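J.: Okay, handing you the structure first.
The values are calculated or read from the model by the stated rules, or taken from the named source; none is laboratory data. Source: prediction; values computed, not measured. Methodologically, a virtual Cβ is constructed for each residue, glycine included, from the backbone with ideal geometry; neighbour enumeration extends over all protein chains shown. These accessible areas exclude ligands, DNA and RNA; they are computed on the full protein's heavy atoms, side chains included. Shrake-Rupley method; radii C 1.70, N 1.55, O 1.52, S 1.80 Å.
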Amino acid sequence: MIEVRGLEKAYGARLVVRGISFDVKPGEVVGLLGPNGAGKTTTLRVLATTLRPTRGTVMVAGFDVVKDPLKVRANVCVLPTDPGLYGRLTAAENLRYFGHLCGLGGPELERRIDELLEWLGLTAAKHQRAEEFSKGMRQKLALARAVLHNPPVLILDEPTAGLDVLASRAVINFIRESKKAGRSVLFSSHYLLEADRVCDRVAIIVGGEICAFGTPRDVCAAVGAATLEDAFAHWVELRGNGADRRVG
Amino acid sequence: MWAKVRAVWLRELLDSVRDKRTLYMMVLLPIVLMPVMIVVGPVMMVRQQESLAREVPVAVVVGAENLPELAGWIESTGALAVERAPAGSDVAALETRLSEGEVQLVVEVPEGAAALLSAEQPVPIRVISHSGTSRSSMAADLFQSLLGRYGEELVSRRLAERGLSTELLEPFALEARDITRREDFGGRLLAMIVPFFIVVWAVVGGMYTAIDAGAGEKERNSLECLIMTPVPGAAIVAGKFLAVCTIALAAVVLLIGSASVSLLYMLPRLLGAQGLLSVNLTGGGLLAMLATMTLFVGLMSALQLALSVFSKSFREAQSYVSGLMFAVMFPAMYLMYVEEIGASLWTYAVPVLNVLLVCREVFMGAVGLPEVLVTLVSLAVALGLAFWGAVRAFTHEKVLFRT
């Protein structure tokens, strides 16, 4: 469902992502783990077609992100770090708007909105403006918006950052249910315990390069670490963040 | 595709209508500000003049006894109240009273004035006024006019004593006729005010919607979510553009309506001069103005959107848009005070100037087809370029993630 081969991304002369390759299969959850500035968000943005790759190929749901960006967007759900909701619009209006943009409409869309709000426990807030929501409620609404068109691929950028325990649990449950539904899930996170619990495979990215990619157990075994956190620390200390590396 | 453009358009409109800043700029200011600006100033001025006219100004005549007939004649007209002061009175003290507003005029009649008059010699009369106050300058004008009339009476008497006619002094009999129609007067007033506000409100009316649609979305991070939807960038820009246009056009129409009602109905009624002002607009003229205005609003909306999305923040966008507002305001202010019509054809190819000229000429009933066509083509080309710029800004990753 997601296939990344030799992806490079540069901002001017600064190389942020350095020839990374990985894949995410249907029904699989892959975690992209790395320190701040490692290139996680840039990678996810390339996959979401908001940034163009400098080199390499990226296929999402069978479509090339450069050649068919609209088809990629139609098949992917992206949840950025910030929910990016319209505060003056109610929960239902936010969802209806994105539904229309995804080509949905009529009673089918209304039914889907009700279904998602009920699933995320937001039915009572259906007609409440998003600006009045707590951070957890906003994140849930953003999730509902992202999966409104029932896409086969999910890309989540630090979906639990800054959330309380209950809201984090709701997001994790959502990822697990998506996996059960056969979706491919790629998410970035700082929370290694969480990644260990949820991910089938993890990729540790440092300085724009993938240092390790495999099941959490394999990644730990490769460096003789007891936990994923130890393996992560090993790679970060070994590689540094490589922020000063330049193209060419 | 149209359904997606419409979705963006309606969402932006809904968001704008719920934003107090937009409502203030779009509805409140045009509806409230225009009547206040047009009506309150002139009405207060007229009321002040009426109040001045009701209160008779006081003139101190120093040395009134030197020419008693003059003081008596002025008093008899009732236009000025005369306070007699003996010759040699302290003029400096009187000037203090004048500057304090206690009296409005000091007139000095020299000794021997009566003798000079009898000898048919000019009598030097000194008038001291305080032109910093309207009441004193009005009293000075009044005194000069009364003195002139009194002088004419004296000359008539002298001529009669010599058996001569007063017609000797008036070789010409002037007959003046003003061909200005009420429509011309009303049209000229609207031509002076309305084009200025049209160009300014084309920017101000949709300003907050444009800033919110670009920099605002960027700041809230909703823009990234929007461009991740399966909608082409051009369609997103088209929806946002239509929303900014709708808001700005509504503001401009409200403004024109408000200005017209204030100027043509409210002002004459308040001044008790109904029917004084009217305006004669032709269907073709109105159509030309509407088309010009719509294209100009579109041009400003596209420019504002491009500037807005280029900006890193709401505040930065406000600075850019304010700059745009000043850029259109200066030629508008200049043209407000230039009366000539019929500028060279090339000037109609310059956006902003052409809108001002066409709108003004429509109100003055002097608009020509070639000028309107050049204006429309010029605005359409500029609008196309500005829209293209906005689409480029929305789809360029360097601009989009310039935070």
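J.: What pairs come up if the first residue lies in region B:24-46 and is touching a residue at least 60 places away in the same chain (Cβ under 8 Å), the second is β-branched (Val, Ile, Thr), and their beta carbons are under 7 Å apart, counting only those six or more places apart or on different chains?
T.: Pairs found: B:MET25/B:VAL204; B:MET26/B:ILE247.
J.: Same structure again: Output the residues belonging to region A:65-75 that are more than 10 Å from chain B (Cβ to nearest Cβ) and β-branched (Val, Ile, Thr).
T.: A:VAL65, A:VAL66
J.: Let me ask you something else. For region A:70-80, which residues satisfy the criterion of being surrounded by fewer than 19 Cβ atoms within 10 Å (Cβ to Cβ) and more than 21 Å from A:GLY182 (Cα to Cα)?
T.: A:LEU70
J.: Okay, next question. Could you look through region A:168-193, keep only residues that are under 12 Å from A:VAL29 (Cα atoms) and in a helix (DSSP H, G or I), and pick out the one that is most open to solvent (accessible area, probe 1.4 Å)?
T.: My answer is A:LYS180.
Conditions tested, residue by residue: (1) at pLDDT below 90; (2) within 23 Å of B:VAL237 (Cβ to Cβ).
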{"residue": "A:THR90", "(1), (2)": "no, no"}
{"residue": "A:GLU93", "(1), (2)": "no, yes"}
{"residue": "A:ARG96", "(1), (2)": "no, yes"}
{"residue": "A:GLY105", "(1), (2)": "yes, yes"}
{"residue": "A:GLU110", "(1), (2)": "no, no"}
{"residue": "A:ILE113", "(1), (2)": "no, no"}
{"residue": "A:LEU122", "(1), (2)": "yes, no"}
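J.: Considering only region A:45-64, state which residues are away from every other protein chain (no Cβ under 11 Å) and open to solvent by less than 10 Å² (accessible area, probe 1.4 Å).
T.: Selection gives A:VAL58, A:VAL60.
J.: A further question on this structure: Within region B:146-171, can you find the residues that are in a loop (DSSP other than H, G, I, E, B) and among the acidic types (Asp, Glu)?
T.: Across region B:146-171, the qualifying residue is only B:GLU170.
J.: Residue check, B:GLU65 against (1) in contact with a strand residue (DSSP E or B) (Cβ under 8 Å, 6 or more places away or on another chain); (2) under 30 Å from B:LEU159 (Cα atoms); (3) in contact (Cβ under 8 Å) with a residue 24 or more places away in the chain; (4) not hydroxyl-bearing (Ser, Thr, Tyr), all met but one. Which one?
T.: That leaves (3) as the condition not met.
J.: Now for a separate question. Suppose the filter is within 12 Å of another protein chain (Cβ to nearest Cβ), under 17 Å from A:ILE210 (Cα atoms) and aliphatic (A, V, I, L, M); does A:VAL78 pass it?
T.: no
Residue-wise test of (1) open to solvent by less than 30 Å² (accessible area, probe 1.4 Å); (2) closer than 17 Å to B:LEU147 by Cα.
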| position | (1), (2) |
| --- | --- |
| B:ALA64 | yes, yes |
| B:ILE74 | yes, yes |
| B:LEU80 | yes, yes |
| B:ALA87 | no, no |
| B:LEU94 | yes, no |
| B:GLU102 | no, no |
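J.: Next question. Could you check region A:158-189 and list, in sequence order, the residues that are in contact (Cβ under 8 Å) with a residue 60 or more places away in the chain and within 25 Å of A:ALA233 (Cα to Cα)?
T.: Across region A:158-189, the qualifying residues are A:GLU158, A:PRO159, A:ALA161, A:VAL185, A:LEU186, A:PHE187, A:SER188, A:SER189.
J.: May I pose another question? Within region B:38-47, can one find any residue that is surrounded by fewer than 16 Cβ atoms within 10 Å (Cβ to Cβ), under 27 Å from B:GLY88 (Cβ atoms) and more than 14 Å from chain A (Cβ to nearest Cβ)?
T.: Checking region B:38-47: not a single residue is surrounded by fewer than 16 Cβ atoms within 10 Å (Cβ to Cβ), under 27 Å from B:GLY88 (Cβ atoms) and more than 14 Å from chain A (Cβ to nearest Cβ).
J.: Just to verify a result, which residue in region B:103-127, among those that are part of a loop (DSSP other than H, G, I, E, B) and touching a residue at least 40 places away in the same chain (Cβ under 8 Å), is nearest to the chain's Cα centre (by Cα)?
T.: Step by step, filter region B:103-127, then rank; the result is B:GLN104.
J.: Further question on the same structure: Mind checking which residues of region A:97-123 are open to solvent by 70 Å² or more (accessible area, probe 1.4 Å) and either under 23 Å from A:ILE172 (Cβ atoms) or within 14 Å of chain B (Cβ to nearest Cβ) (or both)?
T.: A:HIS100, A:GLU115, A:GLU118, A:TRP119, A:THR123 - these are the residues of region A:97-123 that are open to solvent by 70 Å² or more (accessible area, probe 1.4 Å) and either under 23 Å from A:ILE172 (Cβ atoms) or within 14 Å of chain B (Cβ to nearest Cβ) (or both).
J.: Something else now. What's the number of the only condition in (1) touching a residue at least 40 places away in the same chain (Cβ under 8 Å); (2) open to solvent by 80 Å² or more (accessible area, probe 1.4 Å); (3) more than 20 Å from the chain's Cα centre (by Cα) that B:SER16 fails to meet?
T.: All conditions are met except number (2).
J.: Go through region A:81-92 and give me each residue that's among the hydroxyl-bearing types (Ser, Thr, Tyr) and either open to solvent by 60 Å² or more (accessible area, probe 1.4 Å) or out of contact with any strand residue (DSSP E or B) (no Cβ under 8 Å at 6 or more places or on another chain) (or both).
T.: A:THR81, A:TYR86, listed by residue number.
J.: Does at least one position in region B:5-25 carry a residue that is within 14 Å of chain A (Cβ to nearest Cβ), touching a helix residue (DSSP H, G or I) at 6+ places or on another chain (Cβ under 8 Å), part of a loop (DSSP other than H, G, I, E, B) and not hydrophobic (A, V, I, L, M, F, W, C)?
T.: Taking every residue of region B:5-25 in turn, at least one turns out to be within 14 Å of chain A (Cβ to nearest Cβ), touching a helix residue (DSSP H, G or I) at 6+ places or on another chain (Cβ under 8 Å), part of a loop (DSSP other than H, G, I, E, B) and not hydrophobic (A, V, I, L, M, F, W, C).
J.: Kindly indicate the residue of region B:382-403 that is open to solvent by 50 Å² or more (accessible area, probe 1.4 Å) and under 16 Å from B:PHE241 (Cα atoms) and also nearest to the other protein chains (Cβ to nearest Cβ) among those meeting that condition.
T.: Applying the filter and picking the extreme gives B:THR395.
J.: Now for a separate question. Quick check on region B:229-244. Is at least one of its residues basic (Lys, Arg) and either farther than 26 Å from B:GLY257 by Cα or at pLDDT 85 or above (or both)?
T.: yes
J.: Here's something else I'd like to know. If we scan region A:82-90, do we find a residue that is of a type in the set (A, V, I, L, M), within 23 Å of B:ARG6 (Cα to Cα), at the interface with chain B (Cβ under 10 Å from one of its Cβ atoms) and in a loop (DSSP other than H, G, I, E, B)?
T.: Looking through region A:82-90, at least one residue is of a type in the set (A, V, I, L, M), within 23 Å of B:ARG6 (Cα to Cα), at the interface with chain B (Cβ under 10 Å from one of its Cβ atoms) and in a loop (DSSP other than H, G, I, E, B).
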